[in-house]
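**Q** Sharing a structure with you now.
The values are calculated or read from the model by the stated rules, or taken from the named source; none is laboratory data. Since this is a predicted model, take the numbers as computed values, not measurements. Counting neighbours? That spans all protein chains shown, and the Cβs are built from the backbone with ideal geometry, glycine included. Please note that ligands, DNA and RNA were not included when accessible areas were found on the heavy atoms of the full protein model with its side chains. Shrake-Rupley method; radii C 1.70, N 1.55, O 1.52, S 1.80 Å.
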Amino acid sequence: MSYADRVLAENLSDILTTGYWDTDLDVRPRWADGTPAHTVKKFCIVNRYDLTKEFPIITVRKTNYRAAIDEILWIWQKKSNNIHDLNSHIWDSWADENGSIGKAYGYQLGVKHRYKEGEFDQVDRVLYDLKHNPASRRILTNIYTHADLAEMALYPCAYSFTLNVSGKKLNAILNQRSQDMAVANNWNVVQYAVLQHMFAQVSGLEVGELVHVIADAHIYDRHVEAVKDLIGRPQYDAPKFVMNRDVKNFYDFTVDDFDFENYRYTPLGQKLEVAI
């Protein structure tokens, strides 16, 4: 079975069994029909994935890895905040009439800051330090900028990515303030595992551990029955992750440079509504 399947099933079971329901609270998220979107949640789930053993993609349902990778390139490579630069419709509900999501996500990564070595945006600073300062304990990004929150269509969920080099191994921590576990958990894990592979390859490093820290890990009320079904589904072996080894520049990667060989999964069979 895929290790990612086991982790997800344990997370979901724990939330359903011991989690806290917010049905008595006034919550911000709404379903498309205007009904409050309540959740059952656990505080601070920490999952560790050893990328040297297998790639953490689930098989109990399909993770649309091409769309997931396209979004991570939209944020980290294009540094865009406009959905017209994205090849999916996952951000449509938050975009304005011009396609902008405000000063969020890619916008924050593209803002330049002054350092003693010169001006860098957050992504280029990471790339510089991985090559020139691999022993640094300061290699991280943070897009939760309080001064700009009022101008963001959605506060960042996955907001901080910390990279740390041990020998030739590149390890990482993804910090997430909130996660819709049924819809987005493996989506984000796949994205940041791919991103870690990208950073490692262009920096002459090897991937190590990816640690995923989720402050508010929740299941929405309308997802409960689907989640129960996911927990009991067959689990297959993880597919083989393939990345174009000829790419040496971070900005040269495209979605076509990644693939998963022998990816077996069980079709979801239904569309999970996303709370807005």
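**Q** Just to be sure, is A9 of a type outside the set (S, T, N, Q), crowded, with 17+ Cβ neighbours inside 10 Å, out of contact with any Asp or Glu (no Cβ under 9 Å at 6 or more places or on another chain) and under 29 Å from A172 (Cα atoms)? Before the answer, list the steps.
**A** Working: of a type outside the set (S, T, N, Q): yes; crowded, with 17+ Cβ neighbours inside 10 Å: yes; out of contact with any Asp or Glu (no Cβ under 9 Å at 6 or more places or on another chain): yes; under 29 Å from A172 (Cα atoms): yes.
In short, yes.
**Q** Continuing with the same structure: Against the condition closer than 30 Å to S13 by Cα, surrounded by 20 or more Cβ atoms within 10 Å (Cβ to Cβ), modelled with pLDDT of 95 or more and among the aliphatic types (A, V, I, L, M), how does A200 come out, does it pass?
**A** Values: closer than 30 Å to S13 by Cα: no; surrounded by 20 or more Cβ atoms within 10 Å (Cβ to Cβ): yes; modelled with pLDDT of 95 or more: yes; among the aliphatic types (A, V, I, L, M): yes.
It is false that A200 is closer than 30 Å to S13 by Cα, surrounded by 20 or more Cβ atoms within 10 Å (Cβ to Cβ), modelled with pLDDT of 95 or more and among the aliphatic types (A, V, I, L, M).
**Q** Test L16 against the stated conditions and say whether it is more than 30 Å from D259 (Cα to Cα), among the aliphatic types (A, V, I, L, M) and open to solvent by 80 Å² or more (accessible area, probe 1.4 Å). Steps first, answer last, please.
**A** Working: more than 30 Å from D259 (Cα to Cα): yes; among the aliphatic types (A, V, I, L, M): yes; open to solvent by 80 Å² or more (accessible area, probe 1.4 Å): no.
So L16 fails the test.
**Q** Taking only pairs six or more apart or across chains, which ones have beta-carbon atoms under 8 Å, a first residue in segment 7-26 that is within 28 Å of A238 (Cβ to Cβ), and a second residue that is in a loop (DSSP other than H, G, I, E, B) and of a type outside the set (D, E)?
**A** Matching pairs, first to second residue: V7/P56; L8/I58; L8/V60; A9/V60; A9/Q235.
**Q** Under 7 Å between Cβ atoms, which residue pairs at least 6 apart in sequence (or on different chains) link something in segment 162-189 that is without any contact (Cβ under 8 Å) to a residue 24 or more places away in the chain and closer than 21 Å to A200 by Cβ with a partner that is open to solvent by 10 Å² or more (accessible area, probe 1.4 Å) and of a type in the set (V, I, T)?
**A** Close Cβ pairs (under 7 Å, with a partner that is open to solvent by 10 Å² or more (accessible area, probe 1.4 Å) and of a type in the set (V, I, T)) amount to T162/I173.
**Q** Any idea which of A37, A67, A32 is free of Cβ contacts under 8 Å to residues at least 24 places away in the same chain and closer than 27 Å to K103 by Cβ? Outline the logic, then answer.
**A** Details: A37 fails: free of Cβ contacts under 8 Å to residues at least 24 places away in the same chain; A32 fails: free of Cβ contacts under 8 Å to residues at least 24 places away in the same chain.
Answer to the selection: A67.
**Q** In segment 159-197, which residues are among the aliphatic types (A, V, I, L, M), open to solvent by less than 10 Å² (accessible area, probe 1.4 Å) and under 25 Å from D257 (Cα atoms)?
**A** Result: L163, L170, A172, L174, V189, V190, A193, V194, L195.
**Q** Same structure, new question: For segment 21-54, how many residues are of a type in the set (A, V, I, L, M, F, W, C) and within 17 Å of D5 (Cα to Cα)?
**A** Kept after step one, since they are of a type in the set (A, V, I, L, M, F, W, C), are these residues of segment 21-54: 21, 25, 27, 31-32, 37, 40, 43-46, 51.
Filter again for within 17 Å of D5 (Cα to Cα), leaving 45-46, 51.
The total comes to 3.
**Q** Return the residues of segment 99-140 that are open to solvent by 30 Å² or more (accessible area, probe 1.4 Å), under 18 Å from the mean Cα position of the chain (by Cα) and without any contact (Cβ under 8 Å) to a residue 24 or more places away in the chain; say none if nothing qualifies.
**A** Across segment 99-140, the qualifying residue is only L140.
**Q** Still on this structure, I have one more. What single numbered condition from (1) under 18 Å from the mean Cα position of the chain (by Cα); (2) loosely packed, with under 14 Cβ neighbours inside 10 Å; (3) among the aromatic types (F, W, Y) fails to hold for W21?
**A** With (1) under 18 Å from the mean Cα position of the chain (by Cα); (2) loosely packed, with under 14 Cβ neighbours inside 10 Å; (3) among the aromatic types (F, W, Y) applied to W21, the lone miss is (1).
**Q** Could you tell me which numbered condition T52 fails, if it satisfies all but one of (1) assigned to a loop (DSSP other than H, G, I, E, B); (2) among the hydroxyl-bearing types (S, T, Y); (3) in contact with a Leu (Cβ under 9 Å, 6 or more places away or on another chain)?
**A** (3)
**Q** Here's a follow-up. Does N81 count as without any contact (Cβ under 8 Å) to a residue 60 or more places away in the chain, surrounded by 13 or more Cβ atoms within 10 Å (Cβ to Cβ), over 28 Å from E273 (Cβ atoms) and of a type outside the set (S, T, Y)? Quick ask: steps written out before the conclusion?
**A** On the way: without any contact (Cβ under 8 Å) to a residue 60 or more places away in the chain: yes; surrounded by 13 or more Cβ atoms within 10 Å (Cβ to Cβ): yes; over 28 Å from E273 (Cβ atoms): no; of a type outside the set (S, T, Y): yes.
So N81 fails the test.
**Q** Just to be sure I understand, how many residues within segment 204-219 are open to solvent by 10 Å² or more (accessible area, probe 1.4 Å) and under 21 Å from the mean Cα position of the chain (by Cα)? Spell out how you get there, then give the answer.
**A** So in segment 204-219, the residues open to solvent by 10 Å² or more (accessible area, probe 1.4 Å) come out as 204-207, 209, 211, 213, 215-216, 218.
Filter again for under 21 Å from the mean Cα position of the chain (by Cα), leaving 206-207, 209, 211, 213, 215-216, 218.
Matching residues across segment 204-219 total 8.
**Q** Oh, and also: Residue by residue through segment 220-260, note down the ones that are in contact with a Pro (Cβ under 6 Å, 6 or more places away or on another chain) and open to solvent by 70 Å² or more (accessible area, probe 1.4 Å). Walk me through it before giving the result.
**A** Narrowing segment 220-260 to residues in contact with a Pro (Cβ under 6 Å, 6 or more places away or on another chain): 260.
Scanning segment 220-260 gives no hits.
**Q** Can I ask one more? For the list (1) within 20 Å of the chain's Cα centre (by Cα); (2) touching a residue at least 40 places away in the same chain (Cβ under 8 Å), I need the number of the one condition that D237 fails.
**A** Of (1) within 20 Å of the chain's Cα centre (by Cα); (2) touching a residue at least 40 places away in the same chain (Cβ under 8 Å), only one is false for D237: (1).
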